Amino acid sequence: MEHHHQPLSLGSSSSSSVASVGSSVDIDVNELTETFKSLKVMESNDQIRELQTILRDQLTSRNDFVFYADRLIRLVIEEALNWLPSEECTVTTPTGYEYQGQMFIRGNCGVSVMRSGEAMERGLRECCRSIRIGKILIRHDPVTNEPKLYYAKFPSDVDKMNVLLLSPNLETGRTVSKAIMSLREHGVRIEKIILVTLFATPQGVKSLSTAFPNLKLLTSEVYSNCVNHFGKTYFGTD
């Protein structure tokens, strides 16, 4: 199905620019990245801005939402892979020449925060075909409204791995914080966790980065609110 959104004419912009929000208050992304050194906001361009716009538009059909969400997920995953450890290597080409290249060091896994985080699993597997992916389910307690861990399944050697923690939204940070604590209880060092998210709020960034200063956090956008309908629309449960 063809989508009728037109590309945004934004010119060249970067992650160091001031990102406009839907109110009179602006978010200085450069100030956030200067304050929280482990935060990385992807460099903005017309393609990324259009994807973000389509996913926020209430008129976007589910089929279009899934298509454009997968595109943005792939871009963010590709960027996250740059944080994984690698080493130089030498290979021989079919014509017999030696090539000095680079290879990722084995020992990486993904963990999706169910259910919306499962939408990011395919993008990760498309980039890393044999990667193992764990799952974690967190729900808010109906009485206390505090996040509660209901299920966690990780690779048996997760404590020795670099973990790509997958969650499309980072709003208050409470759910993701609970997921991080579960990983830590399984022996994963905080500096080996990379939070991969599509949308983040300043509150979520500040909350997590303050609680876990060595946590690596990657997002495509810091904005006043997240795409809270992401999981329902992606999986068709709205």
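The values are calculated or read from the model by the stated rules, or taken from the named source; none is laboratory data. What you see is a predicted model; the values in this text were computed from it and never measured. A quick note on method: Cβ atoms are made from the backbone with ideal geometry, for glycine too, and the neighbour counts reach across all protein chains shown. Calculation scope for accessible area: heavy atoms of the full protein, side chains included, ligands and nucleic acids excluded. Shrake-Rupley method; radii C 1.70, N 1.55, O 1.52, S 1.80 Å.
Residues in the range 118-147 that are surrounded by 14 or more Cβ atoms within 10 Å (Cβ to Cβ) and over 26 Å from Arg106 (Cα atoms): Leu137, Ile138, Pro147.
Looking at the structure I just gave you, is Ile105 open to solvent by less than 30 Å² (accessible area, probe 1.4 Å) and in contact with a Pro (Cβ under 9 Å, 6 or more places away or on another chain)? No; evaluated as a whole, the condition is false for this residue. Scanning the range 65-80 for residues that are buried (at least 19 other Cβ atoms within 10 Å of the Cβ) and not small (Gly, Ala, Ser) yields Phe65, Tyr68, Leu72, Ile73, Val76, Ile77. Here is the figure for the range 162-184: residues that are among the hydrophobic types (A, V, I, L, M, F, W, C), open to solvent by less than 10 Å² (accessible area, probe 1.4 Å) and either closer than 20 Å to Thr210 by Cβ or assigned to a loop (DSSP other than H, G, I, E, B) (or both) total 6.
In the range 93-118, the residues that are farther than 24 Å from Lys153 by Cβ and among the charged types (D, E, K, R) reach residues that are at pLDDT 95 or above and loosely packed, with under 10 Cβ neighbours inside 10 Å with C-beta atoms within less than 9 angstrom, at least six apart or across chains, in these pairs: Glu98/Thr90; Glu98/Thr92. Among residues of the range 145-161 being assigned to a loop (DSSP other than H, G, I, E, B) and over 29 Å from Pro85 (Cβ atoms), the one that is modelled with the highest pLDDT is Glu146.
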